[in-house]
């Protein structure tokens, strides 16, 4: 879909003056931009005025592509996943490839990590406040299993 098609699908039969008024755009600016030179700012204003996502318009402009949308979807999925869902996925990946457990968890800049040493008392206090976590599948890796108290069962 190109930007002219997106515009028509979004505003329907509304006149350019009506679109400009609805979107808070100076009519002469909208006239200059149509049919195929809409700015990103105008696309966002029109999308918001008509209750549609601006993402499709920005894709039509060529400013975003499918990889941008996939990254957003993945990020949103991770943020919305429950702890149990995340732990199940980690356990599943470790079952498929146990060598993952030997790789560093953080591959970013080491300076971004919180290097503060946490005491055993702080950990115990946090666990007491939150309650014992239900780690389920994350409590084991390969033949290495933990008992109910979190100690090595092997």
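No other residue among 48, 93 is modelled with pLDDT of 80 or more, over 30 Å from residue 8 (Cβ atoms) and within 22 Å of the chain's Cα centre (by Cα) apart from 93. When restricted to residues that are surrounded by 13 or more Cβ atoms within 10 Å (Cβ to Cβ) and in contact (Cβ under 8 Å) with a residue 12 or more places away in the chain, region 67-85 contains 2. The combined condition, being touching a residue at least 40 places away in the same chain (Cβ under 8 Å) and surrounded by fewer than 16 Cβ atoms within 10 Å (Cβ to Cβ), is fulfilled by residue 88.
Residue-wise test of (1) exposed (fewer than 13 other Cβ atoms within 10 Å of the Cβ); (2) assigned to a loop (DSSP other than H, G, I, E, B).
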{"residue": "6", "(1), (2)": "no, no"}
{"residue": "10", "(1), (2)": "no, no"}
{"residue": "17", "(1), (2)": "yes, no"}
{"residue": "36", "(1), (2)": "yes, yes"}
{"residue": "42", "(1), (2)": "no, no"}
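Among the criteria (1) in contact (Cβ under 8 Å) with a residue 12 or more places away in the chain; (2) under 17 Å from the mean Cα position of the chain (by Cα); (3) outside any helix (DSSP H, G or I), the one residue 64 does not fulfil is (1).
The values are calculated or read from the model by the stated rules, or taken from the named source; none is laboratory data. Keep in mind it's a predicted model, so treat the numbers as computed, not measured. Don't worry about glycine lacking a Cβ; one is built from the backbone with ideal geometry, like all the others, and counts go over all protein chains shown.
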